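What follows is a set of notes on a single structure, which appears directly below.
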Amino acid sequence: MKPVLSRRDAIKNLAMAAGVVALKVAPDARAAELPHLNPTDPVAMALAYHENAQTVSAKDFPTYKAGQKCATCAQVKGADSDAWRPCNLFPQKAVNANGWCKVWVKKS
Ligand code: SF4
């Protein structure tokens, strides 16, 4: 009688399961390792990135409205609880969840 699950099939299934777990864990693990975006970075400066949205001058940046911050922006990724999170506009960098830039768009 043939075994229900051969050793080869079992190893193959374990490898696939490990791959799925790695895919689910990797984004958050990498997010924590990303360097923080420096506000003096040329692209950050061009987009008026501030590490703390509360320091944004509404006079200098009329599109800014109180309460806007990276954590509520459609471009931010990662876990809601993280203080620093990946942003679609700044690959390989993490932005401050309390930050802001001119591209802010309300997360739906
Ligand atoms: Fe923050 Fe959004 Fe600007 Fe990214 S695009 S830096 S999440 S406000």
Tell me yes or no: at least one residue of segment 56-79 is in contact with a Cys (Cβ under 6 Å, 6 or more places away or on another chain) and modelled with pLDDT of 95 or more.
yes
Does segment 56-67 contain at least one residue that is in contact (Cβ under 8 Å) with a residue 24 or more places away in the chain and near the ligand (Cβ under 9 Å from one of its atoms)?
no
May I ask you to list the residues in segment 72-95 that are within 8 Å of the ligand (Cβ to nearest atom) and within 17 Å of Val56 (Cα to Cα)?
Cys73, Val95
Return a yes/no flag: does segment 76-98 have any residue that is more than 23 Å from Ala32 (Cβ to Cβ) and either touching a residue at least 12 places away in the same chain (Cβ under 8 Å) or of a type in the set (Val, Ile, Thr) (or both).
no
Do you know which of the residues in segment 71-89 that are small (Gly, Ala, Ser) and under 14 Å from Glu51 (Cβ atoms) is least open to solvent (accessible area, probe 1.4 Å)?
Ala71
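The values are calculated or read from the model by the stated rules, or taken from the named source; none is laboratory data. Values in this document were obtained by computation on a predicted structure and should not be read as measured data. Note that each Cβ is placed from the backbone with ideal geometry, even for glycine, and that neighbours are counted across all protein chains shown. Accessible surface areas use protein heavy atoms only, side chains included; no ligands, DNA or RNA. Shrake-Rupley method; radii C 1.70, N 1.55, O 1.52, S 1.80 Å.
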